[in-house]
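Remarks on the structure that follows.
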Amino acid sequence: MDIEKVRSRFKKHFDGTEGSVYTSPGRINLIGEHTDYNGGFVFPGAIDKGMVAELKLNGTDKVCAYSIDLKDYVEFGFNEEDAPRASWARYIFGVCREIIKRGGKLQGFNTAFAGDVPLGAGMSSSAALESTYAFALNDMFNLGIDKFELAKIGQATEHNYCGVMCGIMDQFASIFGKEGSLIRLDCRSLEYKYFPFNPKGYRLCLLDTLVKHELASSAYNKRRESCEHVVATIAKKHPEVKLLRDATMEMLKEVKDEVSAEDFMRAEYVIEEIQRVLDVCDALERDDYVTVGEKMYETHHGMSKLYEVSCEELDFLNDVAKRCGVTGSRVMGGGFGGCTINLVKDELYEDFIAEAFKSFTDKFGRSPKLYEVKISDGARKLA
Ligand code: GLA
């Protein structure tokens with residue numbers, strides 16, 4: 001992350017002034033996909049790629065925002081009808097609105113930001129942006145909002161201003177991240193636990209298909225609706241079931257004839273995936289990376305065949321990983337494109353990457369992108 005770049009552009013754009021600088025990262029998720037909005041477990045960690053923003057009060061009642069990467073400038077006020085059209089600016093506007101809805105008092109500010117989280121790669125660049133501003137505004141205006149509420153402000157921004165009915169995982173990881181640790185979050189109770197993650201003899205890398213699904217957000221919302229529909233059906237017999245987290249496979253089978261085949265598959269995947277997170281945490285406590293890897297492959301299979309959020313390129317990379325003897329590999333994040341996350345033995349690493357690049361390029365006529373990840377700290381003030 002290039003702090004100097006942000007500082008110099010801010011200066012240039014806002015008459016040589018200097019403000020405060022904040023950052024918040026993107027995330028990986030070892031396992032537990034599409035479980036968050038079902039009240040299940042997730043197992044993310046913040047990464048060493050994120051957003052950096054500089055902010056300074058400007059004495060008006062307007063936000064003057066500059067996106068350094070997009071070279072785009074937008075001004076907006078704090079009322080609902082001031083919503084900017086540019087989608088990047090809606091994230092900042094949404095965070096302001098959600099703070100105001102919670103009683104926070106804001107004043108106009110100038111801001112410029114840039115980031116190095118690849119867009120649309122499943123590493124949560126949007127959560128990084130929301131968390132940066134939620135954290136920054138809370139700090140600058142001394143609002144005293146707790147960390148969970150900051151994450152919820154980012155999530156509500158997605159729901160109310162960006163049209164994605166996401167869960168809490170991405171914003172949680174971006175705010176709560178800790179260097180060297182993954183975090184198991186129970187999305188029903190919001191209890192969480194840090195797990196030091198230092199798989200000796202292994203490397204964790206992401207391979208980006210560079211596929212970006214146009215309709216990813218509507219498909220995502222549709223998955224969520226399937227889950228809610230199954231819950232409503234199960235709850236007729238079992239009123240204690242409020243989320244898929246509360247349901248068992250037996251309960252799901254009881255309603256097999258009352259839900260569509262598609263909704264059934266979606267719920268089957270989620271119920272299995274919630275258990276896989278717990279299995280992976282147990283395995284990690286024994287340093288049993290073979291089991292961790294097996295569960296990752298199971299997740300990929302479920303996301304591809306039951307939840308149907310994979311794509312040809314992701315399935316292809318998953319097959320290459322299997323063929324090369326990679327310990328674990330799966331599509332990461334919401335899906336419909338983006339990256340696979342791979343747990344690879346040190347001695348296989350070079351060969352695997354070479355083979356993945358070669359076979360992917362042969363098949364699709366372009367190369368994927370490789371990111372090595374370092375588990376890092378969450379939202380913080382830099383200067
Ligand atoms: C996106 C959402 C998260 C989560 C993942 C899938 O990243 O923002 O809330 O649902 O997809 O696990």
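Does residue 341 fit the bill of being over 22 Å from residue 265 (Cα atoms), within 16 Å of the ligand (Cβ to nearest atom) and of a type in the set (Val, Ile, Thr)?
yes
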Worksheet item: Is it true that some residue in the range 75-93 is over 26 Å from residue 341 (Cβ atoms) and surrounded by 23 or more Cβ atoms within 10 Å (Cβ to Cβ)?
Response: yes
Worksheet, complete the sentence: The condition from (1) more than 30 Å from residue 195 (Cα to Cα); (2) buried (at least 16 other Cβ atoms within 10 Å of the Cβ); (3) more than 16 Å from the ligand (Cβ to nearest atom) that residue 23 misses is numbered (1)
Worksheet entry | Flag if residue 189 is in a loop (DSSP other than H, G, I, E, B) and hydroxyl-bearing (Ser, Thr, Tyr) | yes
Worksheet entry | Selected residue [within 16 Å of the ligand (Cβ to nearest atom), in contact (Cβ under 8 Å) with a residue 40 or more places away in the chain and out of contact with any helix residue (DSSP H, G or I) (no Cβ under 7 Å at 6 or more places or on another chain)] from 47, 31 | 47
Worksheet, complete the sentence: Within the range 164-186, restricting to residues that are within 13 Å of the ligand (Cβ to nearest atom) and open to solvent by 20 Å² or more (accessible area, probe 1.4 Å), the one that is farthest from residue 42 (Cα to Cα) is 164
Worksheet item: If you take the residues in the range 114-147 that are open to solvent by 10 Å² or more (accessible area, probe 1.4 Å) and of a type in the set (Phe, Trp, Tyr), which one is farthest from residue 162 (Cα to Cα)?
Response: 141
Worksheet entry | residue 62 being open to solvent by 50 Å² or more (accessible area, probe 1.4 Å) and closer than 20 Å to residue 16 by Cα | yes
Worksheet item: Given 308, 347, which one is assigned to a loop (DSSP other than H, G, I, E, B) and open to solvent by 40 Å² or more (accessible area, probe 1.4 Å)?
Response: 308
Worksheet item: What single numbered condition from (1) among the hydrophobic types (A, V, I, L, M, F, W, C); (2) within 14 Å of the ligand (Cβ to nearest atom); (3) outside any loop (DSSP other than H, G, I, E, B) fails to hold for residue 88?
Response: (2)
Worksheet item: Which is out of contact with any helix residue (DSSP H, G or I) (no Cβ under 7 Å at 6 or more places or on another chain) and assigned to a loop (DSSP other than H, G, I, E, B), of 293, 333, 325?
Response: 333
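The values are calculated or read from the model by the stated rules, or taken from the named source; none is laboratory data. Quick caveat, the model's predicted, so the values are computed rather than measured. Note that we place each Cβ from the backbone using ideal geometry, even for glycine, and neighbour counts take in every protein chain shown. Side chains included, ligands, DNA and RNA excluded: accessible areas come from the protein's heavy atoms. Shrake-Rupley method; radii C 1.70, N 1.55, O 1.52, S 1.80 Å.
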